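The block underneath contains the structure these notes are about, expressed in structure tokens.
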Amino acid sequence: MELHRWTDELATSDSKSYRRRRFTVPVGARALRIVFEYERGGDLPHNLVTVSLFDPRRFRGAAHRFAPRQEITVEERQATPGFLAGALPTGEWTVELDVHCVIAPCAFALRVETSEPAAPADPVSTPSPRGGAPESRRERRWLRGELHLHSTHSDGRWTTDEMASAALERGLDFMFLTDHNTVTGIDSLRRAVGGGIAVHAGQELTTFAGHALALGPERWLDWRTGLEGRSMNDVARDVREAGGVLVVAHPDAPPDPLCTGCRWTHEDFDPSLADAVEVWGGLWDGPEERNEGCLALFHRWLDAGHRLAATGATDAHRPEDWHGAVPLTYVHAAEASSSSVLDALRAGRTYVSSGPALGVEARGEGGRTAGIGGTAVGAHTIAGWCAGSPGAELRLVAHGEARARARIDGDGRIHASPQPGDRWSSAELWRDGILLAVTSPVYLRR
């Protein structure tokens, strides 16, 4: 039975807007089917319009993926990836078109209908314990993890089962699944991993003026800036209130329309509401990466007095994205649980690396030493060290400039004295113009 039919056209001026329609689900409905079609407007770049769904009480899913024709089903025992299975409450539902980019005028058609539910593909499973296998409390150590991943629950090209298999081979301690604007894949990934890796909730908040990772919250967070006066600062505060960590993702990504909304252009954003900046995504010199600009923004915000962690990730959408010298984020934490990893990110106890170990510390008053994420009062000496360097240049950096540098093959250490006005210092390891590792800063206080 058809519940709603919606046909219209989108103009280029509709880019970065939201269109909503309400429809009524009758008593006894057990399956909902949405068919959405629109014109792509070109090959690359192309129009990008995604679908979000809300029942009378809550978010029911998002289809943040490009396909000019999509079929979405929501039933009591199963749903299209990106959407939440469950009872279909009677009453007024909302279907929303999130119009990210219209490069050429296009027509669209959307149809909502009820139908008989399909036979479940698998029995409903009990969700896996949050955060993966529990670990006993112990002293902090460096744990390696992946912070930015996409599956078929948004625009990824691999299922959570395929992702789990590849992740187990990588020897990760923890991982966050960050599908666009939805958290529906988390339990599926946890079941697939089976406790071998601590799997934590996340989502990529895919706003029209930049993307941010919300790490930690298990529930959907409203990413829709510009809707009813909502700002990115409001979104960031909501992430914090939900106990999450906000990471500004790939801030210097290619601009519209090549990568719609990917570059960070929230001009009124308060950086003190962020916990970290993704300074390195994918291959450092990959054809779609602009990592030098991401690292430069990180330095500018540190210079302005903000305390931020450096993170890196692959932003993997398919198995091939894990090939080559791609980064992982290392956190200094007692265990791989969600609370422990999030605490380390908030405290800035991180470094990013494609392999070598890296560290920085500062010595201050009374000989007291502060490491990554710490503060040295009366700092007079900074030291950087690396292990497993493949013949690369180790640098001590402050205000985006090298205070010391040395060629290191294997393990090595360098020292520098802070200059007047230096607020922070970090270590970086470079080889032939390619970043191999970078630390979050140690902070310097006179």
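Out of (1) assigned to a helix (DSSP H, G or I); (2) surrounded by 15 or more Cβ atoms within 10 Å (Cβ to Cβ); (3) touching a residue at least 12 places away in the same chain (Cβ under 8 Å), what's the single condition that is false for Asp343?
Failing condition for Asp343: (3).
May I ask you to list the residues in the stretch 242-255 that are buried (at least 19 other Cβ atoms within 10 Å of the Cβ) and assigned to a loop (DSSP other than H, G, I, E, B)?
Gly244, His250, Pro251, Asp252, Ala253
Residue by residue through the stretch 217-241, note down the ones that are part of a helix (DSSP H, G or I) and in contact (Cβ under 8 Å) with a residue 12 or more places away in the chain.
Matches in the stretch 217-241: Leu227, Met232, Asn233, Val235, Ala236, Arg237, Asp238, Val239, Arg240.
Please go through the stretch 392-418 and give me each residue that is at pLDDT 95 or above, within 29 Å of the chain's Cα centre (by Cα) and not hydrophobic (A, V, I, L, M, F, W, C), ordered by number.
Arg395
What residue, among those in the stretch 73-122 that are in a strand (DSSP E or B) and under 14 Å from Phe59 (Cβ atoms), is farthest from the chain's Cα centre (by Cα)?
Once the filter is applied, the top-ranked residue is Trp93.
On the given criteria, is Val277 under 24 Å from Ser354 (Cβ atoms) and either outside any helix (DSSP H, G or I) or not assigned by TED's automatic domain parsing to the domain that holds Asn47 (or both)?
yes
Would you be able to tell me the number of residues in the stretch 281-303 that are under 25 Å from His332 (Cβ atoms) and in a loop (DSSP other than H, G, I, E, B)?
Final tally of qualifying residues: 2.
Name the one entry in Asp155, Asp187, Asp179 that is farther than 17 Å from His317 by Cβ, crowded, with 17+ Cβ neighbours inside 10 Å and not aliphatic (A, V, I, L, M).
Only one candidate qualifies: Asp187.
Here is a yes/no grid of residues against (1) at pLDDT below 95; (2) more than 13 Å from the chain's Cα centre (by Cα); (3) over 25 Å from Asn47 (Cβ atoms); (4) not polar (S, T, N, Q):
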| position | (1), (2), (3), (4) |
| --- | --- |
| Ser272 | no, yes, yes, no |
| Val279 | no, no, yes, yes |
| Ala296 | no, yes, yes, yes |
| Asp315 | no, no, no, yes |
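Only one residue in Ala11, Ala31 is among the aliphatic types (A, V, I, L, M) and within 30 Å of Pro255 (Cβ to Cβ). Which one?
Exactly one residue qualifies, and that residue is Ala11.
If Ser425 meets every condition in (1) over 20 Å from Asp275 (Cα atoms); (2) part of a strand (DSSP E or B); (3) of a type outside the set (Lys, Arg) apart from one, which number is that one?
(1)
Can you name every residue in the stretch 243-258 that is without any contact (Cβ under 8 Å) to a residue 60 or more places away in the chain and more than 16 Å from the chain's Cα centre (by Cα)?
Listed by number, the residues that qualify are Pro254, Pro255.
So which residues in the stretch 175-198 are in a loop (DSSP other than H, G, I, E, B) and either basic (Lys, Arg) or closer than 14 Å to Leu246 by Cβ (or both)?
Thr178
Give Ser17, Ser13 a once-over and let me know the one that is hydroxyl-bearing (Ser, Thr, Tyr) and in contact with a Gly (Cβ under 9 Å, 6 or more places away or on another chain).
Matching residue, one of Ser17, Ser13: Ser17.
Those residues that are of a type in the set (A, V, I, L, M, F, W, C) and crowded, with 19+ Cβ neighbours inside 10 Å, I need them from the stretch 263-280; list them, please.
Within the stretch 263-280, Trp264, Phe269, Ala274, Ala276, Val277, Val279, Trp280 qualify.
Against the condition under 20 Å from Phe108 (Cα atoms) and at pLDDT 95 or above, how does Val51 come out, does it pass?
Taking the combined requirement at face value, the residue satisfies it.
Residues in the stretch 332-391 that are of a type in the set (A, V, I, L, M, F, W, C), under 19 Å from Arg413 (Cβ atoms) and modelled with pLDDT of 95 or more: how many?
The total comes to 12.
What residue, of Ala214, Ala201, is out of contact with any Cys (no Cβ under 6 Å at 6 or more places or on another chain), surrounded by fewer than 24 Cβ atoms within 10 Å (Cβ to Cβ) and assigned to a strand (DSSP E or B)?
Selected residue: Ala201, the only one of Ala214, Ala201 that is out of contact with any Cys (no Cβ under 6 Å at 6 or more places or on another chain), surrounded by fewer than 24 Cβ atoms within 10 Å (Cβ to Cβ) and assigned to a strand (DSSP E or B).
Looking only at the stretch 370-403, count every residue that is of a type outside the set (Lys, Arg), within 24 Å of Ala304 (Cα to Cα) and outside any loop (DSSP other than H, G, I, E, B) and tell me the total.
Here the count works out to 13.
Specify the residue that is surrounded by the most Cβ atoms within 10 Å (Cβ to Cβ); the eligible residues are those in the stretch 36-63 that are farther than 22 Å from Cys259 by Cα and of a type in the set (D, E, K, R).
Per the criteria, the residue is Arg60.
Name the pairs: first residue in the stretch 187-210 and farther than 29 Å from Arg263 by Cβ, second residue among the β-branched types (Val, Ile, Thr) and not in a strand (DSSP E or B), Cβ to Cβ under 6 Å, at least 6 apart or on different chains?
Final answer for the pair search is Ser188/Thr160; Ala192/Thr160; Val199/Val193.
The values are calculated or read from the model by the stated rules, or taken from the named source; none is laboratory data. All figures in this text were calculated on a predicted structure; none of them were measured in a lab. Methodologically, a virtual Cβ is constructed for each residue, glycine included, from the backbone with ideal geometry; neighbour enumeration extends over all protein chains shown.
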